[in-house]
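Peer 1: Could you have a look at this structure, given as structure tokens, before my questions?
The values are calculated or read from the model by the stated rules, or taken from the named source; none is laboratory data. Predicted, not measured: the structure shown is a model, and the values here were computed from it. Heads up: the accessible areas ignore ligands, DNA and RNA and are worked out on the full protein's heavy atoms, side chains in. Shrake-Rupley method; radii C 1.70, N 1.55, O 1.52, S 1.80 Å.
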Amino acid sequence: TKSGGHEEIIKNGTNGYLVDIDRPIQMSNKIELLKGNLTQLKKMSTAASKLAKLEFSWNTNISNLNVLYGEVAK
């Protein structure tokens, strides 16, 4: 849904879909859309997987924490 960090991670139509909060019909429509378009589903799934591996891997998180700790320790 369009709330919190989701909007920073999900690129609407690229690696997922964003729907309004408390709009189950919108969510249902997006699920049906992907159910009927397996090519689009595969593209979005691949994009989401790449993003997760790039931005949220252990190595990336450790590197980001080291930078943060280095800045705080100054």
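Peer 1: Wholly within the range 4-62, which helices (runs of 4 or more DSSP H) include no fewer than the required count, namely at least 3 residues that are on the phi > 0 side of the Ramachandran plot? If you could, list the steps in order and put the result at the bottom.
Peer 2: Working: elements: 6-9, 24-35, 38-55.
Hits in the range 4-62: none.
Peer 1: Kindly indicate the residue of the range 11-40 that is among the aliphatic types (A, V, I, L, M) and open to solvent by less than 70 Å² (accessible area, probe 1.4 Å) and also farthest from THR1 (Cα to Cα) among those meeting that condition. Steps first, please.
Peer 2: In the first step, residues of the range 11-40 are kept if they are among the aliphatic types (A, V, I, L, M); the result is 18-19, 21, 25, 27, 31, 33-34, 38.
Among the residues that remain, those that are also open to solvent by less than 70 Å² (accessible area, probe 1.4 Å) are: 18-19, 34.
On the way: LEU18: 5, VAL19: 5, LEU34: 16 Å.
Filtering first and then ranking leaves LEU34.
Peer 1: Identify all residues within the range 46-63 that are open to solvent by 70 Å² or more (accessible area, probe 1.4 Å) and either basic (Lys, Arg) or at pLDDT 95 or above (or both); write none if there are none.
Peer 2: If the condition is that a residue be open to solvent by 70 Å² or more (accessible area, probe 1.4 Å) and either basic (Lys, Arg) or at pLDDT 95 or above (or both), then LYS50, LYS53 are the ones that fit.
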